[in-house]
Amino acid sequence: MTERIVLAYSGGLDTSVAIGWIGEATGAEVIAVAVDVGQGGESLETIRQRALGCGAVEAYVADASDEFANEYCMPTLKANGLYQGHYPLVSAISRPVIVKHLVKAAREFGATTVAHGCTGKGNDQVRFEVGIQTLGPDLKCIAPVRDLALTRDKAIAFAEEKGLPIETTKKNPYSIDQNVWGRAVETGYLEDIWNAPTKDIYDYTATPEFPPAPDEVIISFEAGIPVAIDGVKVTPLQAIKELNRRAGVQGVGRIDVVEDRLVGIKSREIYEAPGAMALMTAHKHLEDITVEREQARFKATVGQRWAELVYDGQWFSPLKRSLDAFIEDTQKYVSGDIRMTLHGGQAIVNGRRSETSLYDFNLATYDTGDTFDQSMARGFIELWGMSAKVASGRDIRVAGQ
Ligand code: ARG
């Protein structure tokens, strides 16, 4: 029987050419797998037809947008997952859901190998292949760009020679990856890290310098998940989309960073994640009133480690799973409403309320009604400073000898 390979298919030039390229190089039949993670653009049916037109023997399309929002974006929100304190893991969290569908399709169509369009210089190859190793340890991996010398020039020549139903003249200098959680843009002019991004780079956000009137929004959460916006019930996917729109027009969530790739390269990336950043800001402020101090401090460390694991392609790893369990436990009381103003590139929280809040007005107030016994503070400070005071006495004694 002819060998079968499932290919992660985007509908773009490189993966369209990869169908025939893999076929010629390996003699295998190619099954194209397109996964909708809310990237917008063409319909899944258009993409499916193109895959078949480019020589795929089968085309599997999956609408995974709710699955992606529920099982990948929401855990990122609960973790306040920002790699290097900046990047909300847009591409990093989409790979594992795509991997799930690739493995599923491989089983369905009896494929032995999984192919993806990544280069050999990025993180995404690692995320795909580590994910596949974990979910389908018997499956092999191949990357035509990396392993079968499929360069851009060759791709264009191949598409023209074979008359593939794909645009080859549109020249986009940027490499773009996008989904409902955000958008990542790199290469071209941006590789000079002194160059400021130009306006044409952005798509999810409008220029924050000329914002429309301020937009006040109330986001309601239950156990760390957004459940309503301005009192209207929403699913996680709807919450992200609605805030992409409202925070996007205000220019919220533009991020310009030089980040540390797993493969050891520092690279410049421009992100725009209006919905994700607005939600994360709101979520963090709700945690500030509902999560106990020590748990909150520790969670910040856990969230950072979680983001590194996810960035590094360890979504399906045991440590990531254990950290998920911790994070989930912290979210039990993260319920309530956050009021925030979206304006001029910022999402600023200006009100919060929660039935499960730890904020105690009577303890906090400086006005009458104060129930805090200030006389307790003196003894507390004495004991709190004792250890350092004893050590400093020793330092003086030793220095004087
Ligand atoms: N640097 C980001 C990451 O590794 C995004 C990569 C997305 N690719 C792109 N073509 N912009 O997660």
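In the chain, the convex hull through the Cα atoms has an average projected area of 27.1 nm², a quarter of its surface area.
Computed from Cα atoms, the angle from the helix 376-400 axis to the main principal axis of the chain rounds to 80 degrees.
Could you tally the net charge around Ile348, taking each other residue with its Cβ under 15 Å from the Cβ of Ile348, Lys/Arg +1 and Asp/Glu -1?
+1
Qualifying trypsin sites (Lys or Arg not before Pro) in segment 313-396, where qualification requires a DSSP coil assignment and no more than 13 other C-beta atoms within 10 Å, comprise Lys332. Both numbers refer to the Cα atoms of segment 94-198; Rg and Dmax are 16.2, 49 Å. The antiparallel fraction among DSSP beta bridges confined to segment 1-130 stands at about 5%. Using C-alpha pairs below 8 Å separated by at least 6 residues, the relative contact order for segment 241-356 is 31 percent.
For n ≥ 4 DSSP H runs only, could you compute -39500 (n - 2.57) per run for the chain, divide by its residues and tell me the 222 nm figure to the nearest 500? Mind showing how you got there, number by number?
Details: 14 runs with 172 residues, N = 401.
Roughly -13500 deg cm²/dmol at 222 nm, from the helical runs in the chain.
Note on the chain: antiparallel DSSP beta bridges, both residues inside, total approximately 70 percent of the bridges counted. Restricting segment 355-401 to chymotrypsin sites (Phe, Trp or Tyr not before Pro) that sit in a DSSP loop and have at most 11 other Cβ atoms within 10 Å of their own Cβ leaves Tyr366.
A DSSP coil position with no more than 10 other Cβ atoms inside 10 Å describes the following trypsin sites (Lys or Arg not before Pro) in segment 163-272: Lys170, Lys171. Of Ala34, Ala247, Ala157, the residue with the greatest mean-square motion in the GNM of the chain, using alpha carbon springs below 10 Å, is Ala157.
Just how far, in whole angstrom, is segment 126-186 from segment 1-47 if you go by their alpha carbon centroids? Spelled out, the Cα-based centre of one part sits 9 Å from the other.
Determine the dipole magnitude for the chain: charges of +1 sit on the beta-carbon of Lys and Arg, -1 on that of Asp and Glu, nothing else is charged, the reference point is the Cα centre, and the result goes in debye to the nearest 20.
Magnitude of the dipole: close to 680 debye.
Since only Ala300, Ala79, His285 are under comparison, the one whose Cα sits farthest along the positive direction of the charge dipole of the chain, derived from C-beta charges on Lys, Arg, Asp and Glu, is Ala300.
Output the 0 to 90 degree angle, nearest 10, between the alpha-carbon long axis of helix 13-26 and the longest principal axis computed from the alpha carbons of the chain. Approximately 60 degrees, to the nearest ten.
Where does each of Trp194, Trp315 land when they are ranked from fewest to most other beta-carbon atoms within 10 angstrom?
Trp194, Trp315
For a 31 Å ceiling on Cα separation, which of these pairs sit above it: Lys170/Lys241; Lys100/Lys233; Lys199/Lys320?
In this structure, Lys199/Lys320 lie more than 31 Å apart at Cα.
The length gained on full extension between Arg394 and Asp260, counted as 0.36 nm times the residue separation minus their Cα-Cα distance, comes to 44.0 nm.
So how tilted is helix 318-330 from the main axis of the chain? Cα-based, degrees 0 to 90, rounded to 10. The angle comes out at about 40 degrees.
Just so you know, all these numbers are worked out from the coordinates, no wet-lab data involved. Note that the structure is predicted; figures quoted are calculated from it, not measured. Cβ atoms come from the backbone with ideal geometry, glycine included; neighbour counts cover every protein chain shown.
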